[in-house]
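> Sending over a structure as structure tokens; questions will come in a sec.
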Amino acid sequence: QVQLVESGGGLVQAGDSLRLSCAASGRALSGAHMGWFRQAPGKEREFVAAIIWSGGNTRYADSVKDRITVSRDNAKNTVYLQMNSLSPEDTAVYYCAAGFDYGIRPRPSTARSFYDYWGQGTQVTVSS
């Protein structure tokens, strides 16, 4: 069992930066992919970024790769999503997710179905 709690969302203006946090608890993350997804109203939940806990390999959606960085703090069991140059298109509920394969996949998974555990989400709203 993994519990995930996102924080750091809020209302910002276009061009601002924001750092989201996801605090994980309940089990070791040594075999985990930690993903960030977002869902805008009326749209499907889409992949944003992910990191493999052991080793720190990252992966990004092409649309955000130039503006977003995912990282983790091993001591705090926390994964971060640093978002820069925000625009209204980034407005969505952002979800942290965890899935486990214990080193089978060499790259972080982008598939929603891979992730077994999800946080409650944190709202990011970007005004123009």
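Any read-out appearing in this document is the output of simple, stated calculations on the displayed coordinates, not a laboratory observation. Please read all numbers here as calculations on a predicted model, not as lab measurements. Note that each Cβ is placed from the backbone with ideal geometry, even for glycine, and that neighbours are counted across all protein chains shown.
> At 0.36 nm per residue, and after removing the present C-alpha to C-alpha distance, how many nm does the segment from Tyr102 to Gln1 gain when stretched out fully?
34.8 nm
> While we're here: So what is the diffusion coefficient of the stretch 10-125 in µm² per second by Stokes-Einstein at 20 °C and 1.002 mPa s, using a Kirkwood Rh over Cα pairs? Before the final figure, lay out the partial values.
On the way: Rh = 14.2 Å.
So the translational diffusion coefficient is about 151 µm²/s.
> With a cut-off of at most 13 other beta carbons within 10 Å, and DSSP calling the residue loop, which trypsin sites (Lys or Arg not before Pro) in the stretch 66-128 qualify? Please list them.
Lys76
> Can you give me the Kirkwood hydrodynamic radius for the stretch 25-65, using every pair of distinct Cα atoms, in Å to one decimal?
Details: mean 1/r = 0.0871 Å⁻¹.
Radius from the Kirkwood sum: 11.5 Å.
> Starting from the stretch 1-58, pick out the trypsin sites (Lys or Arg not before Pro) whose DSSP state is loop and whose Cβ has at most 15 other Cβ atoms within 10 Å.
Details: sites: Arg19, Arg27, Arg38, Lys43, Arg45; in loops: Arg27, Lys43, Arg45.
In loop regions of the stretch 1-58 (DSSP not H, G, I, E or B), the sparsely surrounded trypsin sites (Lys or Arg not before Pro) are Arg27, Lys43.
> With both partners inside the chain, how many of the DSSP beta bridges are antiparallel, as a percent to the nearest 5? Let's see the in-between values first.
Working: 39 of 43 bridges.
Looking only at bridges with both residues in the chain, the antiparallel portion is about 90 percent.
> How compact and how long is the stretch 1-47, expressed as Rg and Dmax of its alpha-carbon atoms in Å?
Rg, Dmax (Cα atoms, Å): 13.6, 37.
> Please report the net charge: other residues with Cβ closer than 11 Å to the Cβ of Gly31, K and R +1, D and E -1.
Result for the neighbourhood of Gly31: +1.
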